[in-house]
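To keep things clear, I will list the structure first and then write my remarks on it.
All of the numbers you see were taken from the coordinates with simple rules; none came from a lab. Predicted model only: the values in this text are computed from it and were never measured. No Cβ is skipped: glycine too gets one built from the backbone with ideal geometry, and neighbour counts run over all protein chains shown.
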Amino acid sequence: MSLDLPIVFTHHVFICGQHRPPQHPRGSCSAGGAIPLVERLGAKVQALGNPQIAVTVTGCMGFCQAGPIAVVYPEGIWYAPRTAEDIDEIAASHLSEGKPVERLIVLPKV
């Protein structure tokens, strides 16, 4: 019997898709436009054809004021993408070339 070895990810992107009611005091990344960005990121990563890049849609990551929000590991770099072009830049620069996109980086406050 042979064991399949797990894929070792070079990058793992967690992107918030939290949905809350419209009047919720914290808001939500979904209300801020996260869902189209999540879909765009998935398509971009798939187009890269690199099975070592994973994308996981999460619930709230606690930084609602900065949302939509994403974090890329192993670096632990937090992004606040707003547009499809922002997602394209993260995929092309950070995920493909290993160069973080400085203009989109946010420092979450606890």
Any hit, the stretch 56-75, residues being of a type in the set (D, E, K, R) and surrounded by 15 or more Cβ atoms within 10 Å (Cβ to Cβ): no
Only one of I35, I87 that is buried (at least 17 other Cβ atoms within 10 Å of the Cβ) and free of Cβ contacts under 8 Å to residues at least 60 places away in the same chain: I87
Those residues of the stretch 93-110 which are touching a residue at least 24 places away in the same chain (Cβ under 8 Å) and either part of a helix (DSSP H, G or I) or under 21 Å from V8 (Cβ atoms) (or both), in sequence order: H94, L95, S96, P100, L104
